[in-house]
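Participant: One structure follows; several queries about it will come next.
None of the figures in this text is laboratory data; all of them are computed from the coordinates on show. Computed from a predicted structure; not experimentally measured. Note that each Cβ is placed from the backbone with ideal geometry, even for glycine, and that neighbours are counted across all protein chains shown.
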Amino acid sequence: MQIYLVGGAVRDALLGLPVKERDWVVVGAVPADLVRLGYRNVGRDFPVFLHPETHEEYALARVERKTAPGYHGFETRFSPDVTLEEDLRRRDLTVNAMARDADGALIDPYGGRADLERRVLRHVSDAFAEDPVRILRVARFAARYAPLGFNVAPETLALMRQMVGNGEAGALVPERVWQETAKALAEPAPQAFISVLRAAGALAVVFPELDRLWGVPQPARWHPEIDTGTHMLLVLEAAAALSPIARVRFAALTHDLGKGETPPAEWPKHVGHEARSVALVHALADRLRVPNDFRELAVLVARYHGVCHRALELRPATVLELLENCDAPRRPERFAEFLLACEADMRGRTGFADLRYPEGTFLRDALAVVRATTLPEAARAGLTGAAVGERLRATRIAALGPVCASRTPIVRP
């Protein structure tokens, strides 16, 4: 029995990055061998064991054969005669198909180290095409390593397009699409995830609402980049620079979905796109089973980002209405995320990336005033029910007056 460190731990160590988890492959063994050593079997489709002390995963070397469309149709064979090279060959990318033996020697039968040095994400073999999840995984790796200069190899991108053309992307189940998307949103360059999916033709299959944004123009005065799809990528990039929170990035990604359904006769204007965006966010969240906290923030940003951008022009009553519609007095942490996504929308335009967003500062100050303004007992005298709420609103509007009066209008290019 030989045990090898494999996959991401080997890759990231060679890149000089922190190793977050370690996975192992066991060659020349059967399940009973590991059970005798105290390992706990947790594998459902093939033998995977947890180490009795470290709880790291140890999998028996295996090979797979595709037996049906999609990614459930696989026949897996594991036995003591499966070699390490055979096990590595079934992996997705060459940079993930390296191993180290017990002495630390690198085993690299498919050129993973050279591809690390070239900054290339390249498939190991034609077996890549057997699993459509790998389309999403390659895009996610692009989101992780794009800041280091990595690109998808042309032949791998061509294979991904072929897979999409063969209908493999259509076999992806919603839960897995969201799982990979959520991970990609947390990576350093989530916009690369979207770009790679689009280059592979997969975006139109898994995120048709996003794919429709390309080719849709916007007024050049406010959007020098003009194309709505380009704007969306810039907004996602800006959101990643502003916040590591995946919810903020998802809200930034989906805030303008309604522009993809604007009738061409109305271009480049998009009257009413906010309401259309809200409906599309709900539909997307239903389809992919997106968690409620992601959905709720995305809906708020889709519905109110335009109002937020006009914050320096709003009357005190309208400022309070925005805060109440966002439930900001009760949920200030979520409102802070809302403001970050709106700021990303402003910055996600050609030439706007480094501009200030005083609207966010003003609304944070306004929220602080609103939360600090309450009704003393004397002011409640003789009031019941809805009248108490109306008096509180009037008091808060009055308190917002000086804050609004101190605003300085801003003129952007």
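Participant: Using Cα springs under 10 Å in a Gaussian network model of the chain, which residue among ILE194, ILE245, ILE135 shows the largest mean-square fluctuation?
Facilitator: ILE245
Participant: Relative to the longest principal axis of the C-alpha atoms of the chain, give the angle of the C-alpha long axis of helix 190-199, reported between 0 and 90° and rounded to the nearest 10°.
Facilitator: The angle comes out at about 70 degrees.
Participant: Still on this structure, please answer the following. From Cα coordinates alone, what are the radius of gyration and Dmax values for the chain in angstrom?
Facilitator: That works out to 26.2, 86 Å for Rg and Dmax.
Participant: Take the chain, connect every pair of alpha-carbon atoms lying under 10 Å apart with a spring to form a Gaussian network, then pick out the residue of ALA61, ALA252, ALA105 with the largest mean-square fluctuation.
Facilitator: ALA105
Participant: So if I place +1 on the C-beta of Lys and Arg and -1 on the C-beta of Asp and Glu, and nothing else carries charge, what would the dipole magnitude of the chain be about its Cα centre? I want it in debye, nearest 20.
Facilitator: Here the chain has a charge dipole of around 1180 debye.
Participant: Please compute the modelled spin-label separation between LYS269 and ARG221, points set 7 Å along Cα→Cβ, answer in nm with one decimal.
Facilitator: Each label point lies 7 Å from its Cα, and together they span 1.1 nm.
Participant: In degrees between 0 and 90, to the nearest 10, how far off the longest principal axis of the chain does helix 154-165 point, with axes built from Cα atoms?
Facilitator: 80
Participant: Run the numbers for THR361 and LEU106: contour at 0.36 nm per residue of separation, minus the present Cα-Cα distance, in nm.
Facilitator: In short, 86.6 nm is gained.
Participant: A further question on this structure: Give, to the nearest whole percent, the P(r) tail of the range 267-356 beyond 21 angstrom, counting all Cα pairs.
Facilitator: Value for the range 267-356: 37 percent of Cα pairs lie more than 21 Å apart.
Participant: With springs connecting C-alpha atoms under 10 Å apart, model the chain as a Gaussian network and identify which of GLY385, GLY149, GLY16 has the largest mean-square fluctuation.
Facilitator: GLY385
Participant: Continuing with the same structure: For the chain, list the cysteines whose Cβ sits under 4.7 Å from no other cysteine Cβ?
Facilitator: CYS326, CYS404 - these cysteines have no disulfide-compatible partner (Cβ-Cβ under 4.7 Å) in the chain.
Participant: How much length would be gained if the chain were fully extended between ARG315 and ALA398, taking 0.36 nm per residue of separation minus their Cα-Cα distance, in nm to one decimal?
Facilitator: That works out to 28.8 nm of additional length.
Participant: Determine the calculated [θ] at 222 nm for the chain from helices alone, applying -39500 (n - 2.57) to every DSSP H run no shorter than 4 residues and normalising by the residue count; nearest 500 deg cm²/dmol.
Facilitator: Dividing the helical sum by the residues of the chain leaves -15000 deg cm²/dmol.
Participant: With N denoting the number of residues in the range 97-166, provide Rg(C-alpha) divided by 2.2 N^0.38 Å, to two decimal places.
Facilitator: Compactness ratio reported: 1.20.
Participant: Need the full-extension length gain, ARG412 to ALA381, defined as separation in residues times 0.36 nm minus the C-alpha distance. One decimal, nm.
Facilitator: In short, 6.4 nm is gained.
Participant: Using alpha carbons only, how many angstrom separate the centre of the range 17-41 from the centre of the range 246-308?
Facilitator: The range 17-41 and the range 246-308 have Cα centres spaced 45 Å from each other.
Participant: ALA336: net charge of surrounding residues, Cβ under 15 Å, Lys/Arg +1, Asp/Glu -1, itself excluded?
Facilitator: In short, -1.
Participant: On to the next question. For a quick size check, give me the Cα extents of the range 1-129 along its three principal axes, largest first, whole Å.
Facilitator: Over the range 1-129, Cα extents along the principal axes are 43, 37, 24 Å.
Participant: Do you know the relative contact order of the chain, to the nearest whole percent, from alpha carbon pairs under 8 angstrom that are 6+ apart?
Facilitator: So the answer I get is 10 percent.
Participant: Follow-up. Can you give me the Rg/Rh ratio for the range 343-413, using Cα atoms for both radii and the Kirkwood formula for Rh?
Facilitator: Reported Rg/Rh (Cα atoms, Kirkwood Rh): 1.19.
Participant: Let me ask another. So what are the range 132-206's ellipsoid semi-axes, whole angstrom, largest first, if each one is the square root of 5 times an eigenvalue of the alpha-carbon gyration tensor?
Facilitator: Listed largest to smallest, the semi-axes of the range 132-206 are 18, 15, 8 Å.
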